[in-house]
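Asks: One structure follows; several queries about it will come next.
Derivation of every value follows stated rules applied to the coordinates shown; laboratory data play no part. Computed from a prediction, not measured in an experiment: that's the story for all the values here. In this analysis, Cβ positions are derived from the backbone assuming ideal geometry, glycine residues included, and neighbour counts consider all displayed protein chains.
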Amino acid sequence: MKSEGLGVGMVKTNVAAEYKKTETSARPDILEKTLAFSVLAVNLYRKIMRNDSGQVIARQFLRAATSIGANVHEAQAGQSRADFIAKVSIAY
């Protein structure tokens, strides 16, 4: 079986590149960061799914990785400061 080049170093490099893409004049906000992370997670999922092994883990990884952005987005609509903190803490 040929390696697909999915090493940790490659993922870190891709995260840094995706982070730089989202930079604006100010620091990117958490929504932009979680979106960039979700895009990277989907791309990694697609690479993993090319092989037969690890498909169950790959699907769980995709659900877990994309839920971070969903939880942060939900926290943005918090009713109060305490509600916001509770919802953001789920994402972390």
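Asks: Using the alpha carbons of the stretch 29-91, what is the convex hull volume per residue in cubic angstrom, as a whole number? Numbers along the way, then the final one.
Replies: On the way: hull volume 3.8 nm³, N = 63.
Output value, Cα hull per residue: 61 Å³.
Asks: When you count, for each residue, the other Cβ atoms within 10 Å and take the mean per peptide, how do 56-67, 75-86 rank with the highest first?
Replies: Numbers: 56-67: 13.7, 75-86: 11.5.
Listed from highest to lowest mean packing, they are 56-67, 75-86.
Asks: Next question. Can you give the relative contact order of the stretch 29-91 as a percent, counting alpha carbon pairs under 8 Å and 6+ residues apart?
Replies: Working: 48 pairs, mean separation 19.8, N = 63.
Across the stretch 29-91, relative contact order equals 31 percent.
Asks: Quote the FRET efficiency, to the nearest 0.05, computed for S53 versus D29 with a Förster distance R0 of 41 Å and r equal to the Cβ-Cβ distance.
Replies: The pair S53/D29 has a calculated efficiency of 0.65.
Asks: Suppose each label sits 7 Å from its Cα in the direction of the beta carbon; what would the F61-S80 distance come out to in nanometres?
Replies: So the two model labels end up 4.1 nm from each other.
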